[in-house]
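Colleague: Handing you a structure now.
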Ligand SMILES: [Zn+2]
């Protein structure tokens, strides 16, 4: 929600990102969704099959643009995956599945279409494209990251964004889970060759390790600020938001309040307040 990320601040959104990932930007920009939702078209070079991650909002024009982007590349969409169930990522999934005749796989059964589920630890092979599924709860309980080892890239949904920071959507999202997920991504960047972040919103990040370090530092700073605010007598989530998030666009305060509730819950669980 605030601050600058390492990487190229002028990086564009949409288009070819890595040899296996192409972004179609949805027309739903806002304070929460940045430039709009990034819908990802993934395919192994030379294969005629593609995977779509996060069809985005229910916007007929956008869904057709995703299908056209696949057709222009000589690809047939074989599968649709969701990083999580928030409507700006998942609302268009049922219509997209209807248009493409594909199933929709997601961690949360409520967002699936077809018999196949999705969970961390699974490895998918679509026309030779390897997609490793990594459980990264915290933004929401159902948040997944998709790892493309051949590109050294991860699709992080809303767990890591291309600009600013994200929210912990309490009570579904939990701060403890979120910190564990950031540490998991840190290990992947430090030890498993992940260099590039393909986020759910905002530009591609080419320094994955720097971005995750920034997120971890930001969360630690905010947590310390919330703890200090509580010690100073600010008690309700709204009071803490006004104190701690004074530097943040007020349009983001409702989201900040959910993050503050997540932080207060974390501090209480750990006996810190
Ligand atoms: Zn989300």
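What follows draws every value from the coordinates through simple rules; no lab data is involved. These numbers come from a predicted model, not from an experiment. We place every Cβ from the backbone using ideal geometry, glycine too, and count neighbours over all the protein chains shown.
Colleague: Could you quote the convex hull projected area for the chain, Cα atoms only and averaged over all directions, in nm²?
Modeller: 13.4 nm²
Colleague: On to the next question. Can you sort 228, 159, 39 by how many other beta carbons sit within 10 Å, fewest first?
Modeller: Numbers: 228 13, 159 30, 39 27.
Least to most surrounded, the residues fall as 228, 39, 159.
Colleague: May I pose another question? Nearest 10 degrees is fine. How inclined is helix 208-231 to the longest principal axis of the chain, computing both from alpha carbons?
Modeller: 30 degrees
Colleague: Still on this structure, please answer the following. If R₀ is 30 angstrom, what is the calculated FRET efficiency for the pair residue 272 and residue 238, using the beta carbon separation as r and rounding to 0.05?
Modeller: Result of the calculation: an efficiency of 0.90.
Colleague: Contour minus end-to-end for residue 191 and residue 113, with contour as 0.36 nm per residue of separation and end-to-end as the Cα-Cα distance?
Modeller: 24.6 nm
Colleague: Going highest first, how would you order 229-236, 90-97 by mean Cβ packing within 10 Å?
Modeller: 90-97, 229-236
Colleague: Further question on the same structure: As I understand it, the value is the acute angle between the Cα axis of helix 60-72 and the longest principal axis of the Cα atoms of the chain; what does it come to in degrees, rounded to 10?
Modeller: Helix 60-72 sits at roughly 50 degrees to that axis.
Colleague: Please compute, over every Cα-Cα pair in segment 192-273, the percentage with a separation greater than 17 angstrom. Spell out each step's value before the answer.
Modeller: Details: 1794 of 3321 pairs.
For segment 192-273, the share of Cα pairs beyond 17 Å comes to 54 percent.
Colleague: Shifting gears a bit: At residue 225 and residue 253, where each label point lies 7 Å from the Cα along Cα→Cβ, what is the point-to-point distance in nanometres?
Modeller: 1.5 nm
Colleague: Under 12 Å from a point 7 Å along the Cα-to-Cβ line of residue 73: which residues of segment 123-152 have their amide N that close?
Modeller: It comes to 129, nothing else.
Colleague: Going by alpha carbons, how many degrees (0 to 90, nearest 10) lie between the helix axis of 253-269 and the longest principal axis of the chain?
Modeller: The angle comes out at about 70 degrees.
Colleague: Run the simple label-point estimate for residue 123 and residue 150 please: 7 Å along Cα→C-beta, distance reported in nm.
Modeller: The answer from the label model is 1.4 nm.
Colleague: In addition: Return 178, 245, 214 ranked ascending by Cβ neighbour count within 10 Å, so the fewest neighbours appear first.
Modeller: The fewest-first ordering by Cβ neighbours comes to 214, 245, 178.
Colleague: If you count the DSSP beta bridges with both ends in segment 15-216, what percent of them are antiparallel, to the nearest 5?
Modeller: 70 percent
Colleague: Sticking with this one: For segment 163-207, take N as its residue count and report Rg(C-alpha) divided by 2.2 N^0.38 Å. Write out the running numbers ahead of the final one.
Modeller: Working: Rg = 12.0 Å, N = 45, 2.2 N^0.38 = 9.3 Å.
Normalised Cα radius of gyration, segment 163-207: 1.28.
Colleague: Hey, fewest Cβ within 10 Å first, where do 47, 30 land in order?
Modeller: Sorted ascending by nearby Cβ count, the order is 30, 47.
Colleague: Can you give the percent of C-alpha pairs in segment 1-137 whose distance is more than 25 Å?
Modeller: That tail contains 24 percent of the Cα-Cα pairs.
Colleague: At what distance in angstrom do the alpha carbon centres of segment 81-142 and segment 14-39 lie from each other?
Modeller: That distance is 17 Å.
Colleague: With Kirkwood's inverse mean 1/r over C-alpha pairs for Rh, give me the Rg to Rh ratio of segment 63-206, two decimals please.
Modeller: Rg divided by Rh gives 0.95.
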